[in-house]
């Protein structure tokens, strides 16, 4: 018997599959031909039982930016101050060994870029 699911006897009441139209017995959970569930599964509403300090799944943490806090990609305040002192302390010594113009053209922009990258606000 084509279209009749396995286990359905002649005296059992049958329904039709909503996908392929095959005859189904009342106790069938799946269509025997196309394997479509007979009844739509009920979707459970997510419960919002949260412990203190636990974020809801839809809540995203707000990114924080700081010049002073150290993060995974930035230094802390002590390291920033030490590097700044080192960069600034080297500035007067460059003009003694050659042309001061070349030194100012080369060292000053590099020092500014180093200090800018070091002290800009970064995500922590």
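The values are calculated or read from the model by the stated rules, or taken from the named source; none is laboratory data. None of the values given here were measured: they were computed from a predicted structure. Cβ atoms come from the backbone with ideal geometry, glycine included; neighbour counts cover every protein chain shown.
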Q. Among the listed residues 21, 32, 76, which satisfies the condition of being under 30 Å from residue 123 (Cα atoms) and either surrounded by 10 or more Cβ atoms within 10 Å (Cβ to Cβ) or modelled with pLDDT under 85 (or both)?
A. 76
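One line per residue, one yes/no per condition, for (1) under 30 Å from residue 22 (Cβ atoms); (2) assigned to a loop (DSSP other than H, G, I, E, B); (3) modelled with pLDDT of 65 or more:
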{"site": "50", "(1), (2), (3)": "no, yes, no"}
{"site": "72", "(1), (2), (3)": "no, yes, yes"}
{"site": "81", "(1), (2), (3)": "no, no, yes"}
{"site": "84", "(1), (2), (3)": "no, no, yes"}
{"site": "96", "(1), (2), (3)": "no, no, no"}
Q: Kindly establish whether residue 15 is exposed (fewer than 10 other Cβ atoms within 10 Å of the Cβ) and at pLDDT below 85.
A: no
